[in-house]
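Undergrad: I'd like to ask you about the structure that follows.
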Amino acid sequence: MAAVITETFNDAGVRNAHSEAAAAPQSRAIEVVHARDLPYEAFLQHYLRAGRPVIIRDAVTAWPALRKWTPQYFKENFGDREVQVSYSKRMRLADFVDAVLASSAEQPGPYHLYRLFLHEEFADVLPDLIPQNPYGFPRRHVSALMPEAWRRPDGFLKLLMGGPGSKFPIMHYDAEHAHAQITEIYGEKAYVLFAPHETPNVYASPAQPNLSLVDRPDQPDLTRFPLMAKATPHVGSIGPGEMIFIPEGWWHSARPLTVSISVCTAILDQSNWAGFAHDISAAAPGSAWQRTLLRQRLRASGMFMHAMEMLQHAMPGLARRLRLPALLAPISADGVPEPSATPLDIRIRTP
Ligand SMILES: O=C(O)CCC(=O)C(=O)O
């Protein structure tokens, strides 16, 4: 098992790196592991399949983005592009960047670039994210067997940018049983997570049960949200080249500690396929009969993909000759096509 680094956090949530002391009694530090101690198979076994969050140091080291991406870089090169910053608001990227740079605890600026999928609107920066993150590549999302609306050959990478004082708008867990991974490129960002079993304590919205009503999960107002006193926050932060893995069903919220740029994507494999298949078929338009048909089709393709993934493990040479990694769900980042600068003609349906 990989060596785990114990960390503590000061009041602002900034990590006291390399400290061996335990985290504050009421919070728990998210495990931190260095990539050199974490082969991909160990990541799958100890974190992804076990449903345990982890922060991975040096998850990516070769991305040109780590050297190129700054707020100024986006302003100078793409400032005239209009971006969606909320459900109803669009803005020039240059103005968005200025607002991020002006953000402070007293006057929080914007954070969320609403549904900004790089392959749709900023495909020209995707070569800055090569080679694939070895822990967070689009597994079944690249598969030709995925229904078209969920196929994400370029990784379904969302761009996130914000300054101190801002935050991801709502504590939530990702829809469709997705596991999330966020890789920091510039700056530092803090996370507060709550395990799925804390759901009764985190005030899920009656209207949308994967969203919490608690607006400051790091410092909840206990008069409004008294049950939060029972919930154990798991805390940690990521800096450039580091990623956080957030398993399906884990509540999470993020806030930049400095001006921060990161990319975020969903991971879908055998561990969360059944939940995904259930959710998307339950929500699909059409008749009950069409939904059942979709569920059966997804179940069958899940079983087939699993068998092909096992074959890739057992006989990698044969799998490569059959072009399984290229055609179906690749089991390692090596089998995934690198993102390309050409925008894909695919619109993502769900955030
Ligand atoms: O801002 C972050 O780092 C979290 C992003 C996130 O939770 C999401 O996009 O669903």
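The values are calculated or read from the model by the stated rules, or taken from the named source; none is laboratory data. Only a predicted model underlies this, so the values are computations on that prediction, with no experimental measurement involved. Here Cβ is always computed from backbone atoms with ideal geometry, including for glycine, and neighbour counts include all displayed protein chains. Note: areas computed on protein heavy atoms with side chains; ligands, DNA, RNA excluded. Shrake-Rupley method; radii C 1.70, N 1.55, O 1.52, S 1.80 Å.
Undergrad: Per residue, how large is the accessible surface of the stretch 67-119? Use a 1.4 angstrom probe and give square angstrom.
TA: On the way: 2840 Å² over 53 residues.
Heavy-atom accessible area per residue stands at 54 Å².
Undergrad: Sort 68-81, 190-203 by packing, meaning the average of other beta carbons within 10 Å per residue, with the highest value first. All intermediate terms of the calculation are to be shown ahead of the outcome.
TA: Working: 68-81: 15.9, 190-203: 19.1.
With the highest mean Cβ count within 10 Å placed first, the list reads 190-203, 68-81.
Undergrad: Which percent of the accessible area of the chain is formed by carbon and sulfur heavy atoms (probe 1.4 angstrom)? Don't jump to the answer; show the numbers that get you there.
TA: Working: 8800 of 15670 Å².
In the chain, the share of accessible area belonging to carbon and sulfur is 56 percent.
Undergrad: Work out the length of the dipole vector of the chain about its Cα centre, built from +1 on the beta-carbon of each Lys and Arg and -1 on the beta-carbon of each Asp and Glu, and round it to the nearest 20 debye.
TA: Values: 34 positive and 35 negative charges, 189 e Å.
Taking the Cα centre of the chain as origin, the dipole is about 900 debye.
Undergrad: Another question about this same structure. Extension gain L101-E41, at 0.36 nm per residue separation less the Cα-Cα distance, in nm?
TA: On the way: separation 60, 0.36 × 60 = 21.60 nm, distance 3.95 nm.
So the extension gain works out to 17.7 nm.
Undergrad: State, in angstrom, two size descriptors of the stretch 79-136 derived from its alpha carbons: Rg to one decimal place and Dmax to the nearest whole number.
TA: Over the stretch 79-136's Cα set, Rg and Dmax evaluate to 13.6, 39 Å.
Undergrad: Please give the calculated 222 nm ellipticity per residue for the chain, where each DSSP H segment of at least 4 residues contributes -39500 (n - 2.57) and the sum is spread over every residue; nearest 500 deg cm²/dmol?
TA: -6500 deg cm²/dmol
Undergrad: Right, another one. State, to one decimal in nm², a quarter of the convex hull surface area for the C-alpha atoms of the stretch 115-269, i.e. the direction-averaged projected area. Don't skip to the end; give the middle numbers.
TA: Working: hull surface 38.4 nm².
Spelled out: convex hull of the Cα atoms, projected over all directions, averaged, 9.6 nm².
Undergrad: Just want to confirm a number: the relative contact order over the chain, from Cα pairs under 8 angstrom separated by 6+ residues, in percent. Intermediate results must be reported in sequence, preceding the final value.
TA: On the way: 733 pairs, mean separation 81.6, N = 351.
Dividing the mean separation by the residue count of the chain yields 23 percent.
Undergrad: Highest first, please rank the peptides 37-46, 273-282 by the mean number of other Cβ atoms sitting within 10 Å of their residues. Walk me through the numbers on the way to the answer.
TA: Numbers: 37-46: 15.4, 273-282: 17.3.
Ranked from most to least packed, the peptides come out as 273-282, 37-46.
Undergrad: For the stretch 60-73, in order, what is each residue's ³J(HN,Hα) by Karplus, 6.51 cos²θ - 1.76 cosθ + 1.60 with θ = phi - 60°, in whole Hz (x at glycine and Pro)?
TA: 3J(HN,Hα) across the stretch 60-73, in whole Hz: 10, 10, 9, 4, x, 4, 5, 9, 9, 7, 9, x, 4, 4.
Undergrad: Work out Dmax and Rg for the chain from the C-alpha atoms and quote the Rg first, both in angstrom.
TA: 20.0, 62
Undergrad: Between helix 288-314 and the chain, what is the angle of the helix's C-alpha long axis to the longest principal axis, kept within 0 to 90° and rounded to the nearest 10?
TA: 90
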